[in-house]
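Have a look at the structure below before the remarks.
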Amino acid sequence: MTVNPSRSSRAALLAATAALVFLGADWVRFRGPDATGVSDETGIPATWSSQENVVWKTALPGAGASSPIVVGDKIFLSCYGGYGLDMDDPGEQSDLRLRVVAVDRASGEILWGEEFKPRLPETEYRGFVTLHGYASSTPTSDGKAVYFFFGNSGVIALGVEGKSLWRADVGSGLHGWGSATSPVLYNNLVIVNASVESQSIVALDKATGREVWRVPGIDMSWSTPLILEVPGGGSELVVSMKGKVLGLDPATGRQLWECAGVQDYVCPAVIAHQCIVYVTGGRKPYTMAVRAGGRGDVTATHVLWEAKATPKVATPLCYDGHLYWLDQTGVAACLDAASGETVYEERLQIEGERDKVYASMVYADGKIFAVSRQGGAIVLAARPEFDELARNDLGDPSVFNATPVPHDGQLLLRSDRFLYCIGK
């Protein structure tokens, strides 16, 4: 079901999109095609509300913390329903269903959807899992297929037109915090951090779902890995986990290097700029920078700096020589990416209980877009001086956990109830 803000805006939308050609690059994975969260889109408004700058609004068939992705003329995202929607009355696990949907990029109309039975038992709906639920991993796509990860229910591959391709098991382990890492692609492989499910990084064949390689010993990691190119050729898969950072050969899983890392659990994804890797996480604030491309234990040779700061859950944004984030308590921070020195820290007044922010920031059009769970969206100036440009509330009382998606001069926002297209 699609809900449009007004007849006039609907008419304007139809006129504007009758011959629409999408010029924006596909946003095919968590934090975009290059996993930076940085977009060259322009024209995205700084302000919006339920009555202003909403191009379309689509009711979703379930809740979820996963972000949408854009592939050609379609948006894909994951949802869940039937169980775990109400803390006071979660229902029966036997009624839990996993769902994926394809949405028309221009109009917001739902084109098709598929529903899957989960592997049971699943993590009980209590504690921290209530903050994000059972559809928290952002899918990824190679333009032909879309790959969804649902924790102990496995990886599901569908063609972009909805054809079922395969379903693969990566482990049956559970954790009270649930599962949340997003899959990444490398050549013919789908690579998944299955730390919760099997304490492993698992690589699957894109065409068949067959396991190609597995690296065990991945401890307390909810972090999405990163593939980066290193000087002299070659690629590295960088994995952040409790106690260490690993550099792996993404084709084989062979370990290339390691160094000491966050001495606690990790949630933020690995990020990098010009082969400098930034990892963060844990209950005690900690962020570090390490140069990729080493061999063996590089703790003493490649670690560039360490800082007592972390967003804990959200992934930092690296832009123009600085790291930005909005942490789970509502503190906006900026660090110098070369030194780790704090440039600013500002506590924002954000409504909501418990953790207030799970979504990661994205950059577009000179602005940084951040979304809180229940206190609306915050727009900051993209410079190393704190400047809050706007606060925006869509009047949606449900939870916003998904990282925003800038695309084709617009911004896609996802809540537990709706998918929104923000633009002029």
*asked:* Which residue is surrounded by the most Cβ atoms within 10 Å (Cβ to Cβ), if the candidates are limited to segment 45-74 and must be small (Gly, Ala, Ser) and under 30 Å from SER223 (Cβ atoms)?
replied: GLY64
*Which one is farthest from ILE110 (Cα to Cα), of the residues in segment 151-160 that are in contact (Cβ under 8 Å) with a residue 24 or more places away in the chain and outside any helix (DSSP H, G or I)?*
GLY154
*asked:* For segment 209-249, which positions are more than 23 Å from GLY154 (Cα to Cα) and not in a loop (DSSP other than H, G, I, E, B)?
replied: LEU228, GLU229, SER235, GLU236, LYS244, VAL245, LEU246, GLY247
*Hits in segment 177-213 (condition: surrounded by fewer than 17 Cβ atoms within 10 Å (Cβ to Cβ) and under 15 Å from LEU248 (Cβ atoms))*: TYR186, ASN187
*Filter segment 92-110 for residues that are in contact (Cβ under 8 Å) with a residue 12 or more places away in the chain, of a type outside the set (A, V, I, L, M) and not in a strand (DSSP E or B); which is nearest to VAL160 (Cα to Cα)?*
ARG105
*Has segment 220-234 got any residue that is in contact with a Lys or Arg (Cβ under 6 Å, 6 or more places away or on another chain) and over 25 Å from VAL170 (Cα atoms)?*
no
*Selection status of LEU174, buried (at least 18 other Cβ atoms within 10 Å of the Cβ), of a type in the set (A, V, I, L, M) and either assigned to a loop (DSSP other than H, G, I, E, B) or on the phi > 0 side of the Ramachandran plot (or both)*: yes
_Selection status of GLU385, at pLDDT 95 or above, in a strand (DSSP E or B) and not hydrophobic (A, V, I, L, M, F, W, C)_ = no
*Could you please find all residues in segment 134-149 being assigned to a loop (DSSP other than H, G, I, E, B) and crowded, with 24+ Cβ neighbours inside 10 Å?*
TYR134, ALA135, SER136, SER137, THR138, PRO139
*Out of all the residues in segment 250-259, is one or more assigned to a strand (DSSP E or B), modelled with pLDDT of 95 or more and either under 21 Å from the mean Cα position of the chain (by Cα) or surrounded by fewer than 14 Cβ atoms within 10 Å (Cβ to Cβ) (or both)?*
no
*Of all residues in segment 351-370 being farther than 13 Å from ALA314 by Cβ and surrounded by 14 or more Cβ atoms within 10 Å (Cβ to Cβ), the one that is modelled with the lowest pLDDT*: GLY352
*Members of segment 38-86 found to be without any contact (Cβ under 8 Å) to a residue 24 or more places away in the chain and assigned to a strand (DSSP E or B), listed by number*: GLY81
*ALA289: small (Gly, Ala, Ser) and in a strand (DSSP E or B), yes or no?*
yes
*Examine segment 349-361 for a residue that is assigned to a strand (DSSP E or B), touching a Ser or Thr at 6+ places or on another chain (Cβ under 8 Å), closer than 30 Å to GLY81 by Cβ and in contact (Cβ under 8 Å) with a residue 60 or more places away in the chain, and state whether such a residue exists.*
no
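The values are calculated or read from the model by the stated rules, or taken from the named source; none is laboratory data. Note that this is a predicted model, so its numbers are computed, not measured. Cβ coordinates were reconstructed from backbone atoms using ideal geometry, including for glycine residues, and neighbour counts include every protein chain displayed.
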